[in-house]
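Notes for the one structure printed next.
Please treat every number below as a calculation from the coordinates, not as lab data. Keep in mind that this is a model prediction, so the values were computed, not measured. Methodologically, a virtual Cβ is constructed for each residue, glycine included, from the backbone with ideal geometry; neighbour enumeration extends over all protein chains shown.
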């Protein structure tokens with residue numbers, strides 16, 4: 001993770017994938033504590049949404065702000081670059 005002024009630590013990152021029903025949290029491998037998303041050789045990952053929980057003990061487990069109960073969640077818009 002990159003450092004930014006004012007950010008002291010992070011408590012983790014959760015990755016989600018999108019399917020027909022919406023976004024779903026990727027399962028974590030208990031041994032390595034990592035999440036994996038299989039991509040085909042022609043696919044590239046795309047950042048669609050970023051949610052930051054300020055002063056939270058863990059990373060948000062949902063992208064819906066109304067489900068981030070007890071967390072000060074802040075959605076950050078992602079503007080795609082068009083060439």
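See the values below:
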read-out	value
Computed E for residue 52/residue 27 - FRET, C-beta separation, R0 22 angstrom, nearest 0.05	0.50
Ranking of 61, 46 by count of other Cβ atoms within 10 Å, fewest first	46, 61
Per-residue Cβ neighbour rank within 10 angstrom, fewest leading, 13, 82	82, 13
